Structure formats: structure tokens, C-alpha cells
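Trainee: Quick one: the structure is below, and I'll ask about it shortly.
The values are calculated or read from the model by the stated rules, or taken from the named source; none is laboratory data. All of these numbers come straight from a predicted model, not from anything done at the bench. Cβ: placed from backbone, ideal geometry, glycine included. Neighbour counts: every protein chain shown. Heavy atoms of the whole protein, side chains included, go into the accessibility calculation; ligands, DNA and RNA do not. Shrake-Rupley method; radii C 1.70, N 1.55, O 1.52, S 1.80 Å.
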Amino acid sequence: MPELPEVEIVRRSLNKKIKQKKVKKVLIRNSNLRYRVPSNFSNFLKNQKIIKVNRFSKYLILHLSNKRYCLVHLGMSGTIHTIMKNKKNFFTNTSFYNSPVLPKKHNHIEIIFKDLKVVYNDPRRFGFFQIFKNFKLLKKRLNHHGPEPFSSKFNIDYVY
């Protein structure tokens, strides 16, 4: 399972590459992940601008222009890859496969922007995507987790 620093690196990379970009299309190649991908997932993201990508615990949070949210968990072996539109011979870090080329077999979700696409690849399918219509519902979903390690809520009283 990707550890917190790895998820933070993915967040930073995604935020740098897709922040303020509009989703053109979403392809769901396999909706059978840990939780079934919602049937309205494609329409939920389509034509929305990604305002920013945040992280809470090991979850990635896509903030959408319509004030809705997409929660992403990578599971045990899930990876996210960004592919530039006009780049041939796409190579990526796919140490799980012992190969620099990403096999298409486990590419479950593709989020397509004007100049790039984001591919979610997961051979074990333990990751998931969930959608939330507002911040209150997202907060309720994450409420059972402890505080972030660098937040002021993570202090000696909490540890005690």
C-alpha cells in the first residue's frame, strides 16, 4: 500500500498538472474496484474544472468547480499516471510490473483533459473513487480518521 509520503507526492504531481484544467471526458474501463465506481461518475466529472488536489490521510481529494468532490484511494497497488497527449512511447514508473511501460490491462479509469490524461491503474482493484455533492458529506466520510500529522490537532494531548 502506498504510504502517506507517496500519496503526498502523487497529490503534488497531480495538483501541478491538472489544477485549473477542465475534464473533457471520463472513461471507465472497469467499475469493479473495492467499491463499485458510481454509475454517474463520468457525468459527475465531465466539464468540471479541477480547482485543486488535496490530501487527507491516504486519500486524494479532487476539488471540482461546482463545489463537489471526488475522493480517491489508491488501495494496495493502485497507481496514477499522467500521459501527455502527443507523447509517443509513454514510459512511467511501473515497478509493480518490472517494466517501464504501463500495461493497459489494469487501466480502470481515465480522466481526459485537453492536453493530457490521468490513468488509474490497479492490478488488485483495492482502490476506489467516491463522489460527494458537498463538503459536509465529504467531511462526514473522513470524520472517523485521526488528525493529520502536521496539523495543530496532532499534539501531546491527542497522543496521550
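Trainee: How about the stretch 107-160: which strands (runs of 3 or more DSSP E) wholly inside it have at least 1 residues that are under 20 Å from the mean Cα position of the chain (by Cα), of a type in the set (A, V, I, L, M) and farther than 20 Å from HIS63 by Cα? Step through it out loud before you land on a result.
Mentor: Numbers: elements: 107-112, 116-121, 128-132.
The strands (runs of 3 or more DSSP E) meeting that bar number zero.
Trainee: Taking the criterion of being under 17 Å from LYS21 (Cα atoms), at pLDDT below 95 and open to solvent by 60 Å² or more (accessible area, probe 1.4 Å), would at least one residue in the stretch 75-84 satisfy it?
Mentor: So far as the stretch 75-84 goes, yes, one or more of its residues are under 17 Å from LYS21 (Cα atoms), at pLDDT below 95 and open to solvent by 60 Å² or more (accessible area, probe 1.4 Å).
Trainee: Which of the residues spanning the stretch 30-78 are among the polar types (S, T, N, Q) and within 24 Å of PRO147 (Cα to Cα)?
Mentor: ASN54, SER57, listed by residue number.
Trainee: From the list SER13, SER65, SER57, exactly one residue is touching a His at 6+ places or on another chain (Cβ under 9 Å) and of a type in the set (Gly, Ala, Ser). Which is it?
Mentor: Just a single option satisfies the conditions, and that option is SER57.
Trainee: Go through ARG34, ARG55 for me and flag whichever is within 11 Å of PHE129 (Cβ to Cβ), at pLDDT 95 or above, surrounded by 14 or more Cβ atoms within 10 Å (Cβ to Cβ) and charged (D, E, K, R).
Mentor: None of the other options fit; the residue is ARG34.
Trainee: Further question on the same structure: Condition first: of a type in the set (Lys, Arg) and surrounded by 12 or more Cβ atoms within 10 Å (Cβ to Cβ). Now tell me which residues in the stretch 130-146 satisfy that. Let's see the steps before the verdict.
Mentor: The first filter runs over the stretch 130-146 and keeps only residues of a type in the set (Lys, Arg), leaving 133, 136, 139-141.
LYS133, LYS139, ARG141, listed by residue number.
Trainee: I'm trying to understand the selection: among the residues of the stretch 147-160, which are surrounded by 10 or more Cβ atoms within 10 Å (Cβ to Cβ) and of a type in the set (A, V, I, L, M, F, W, C)?
Mentor: Selection gives PHE154 alone.
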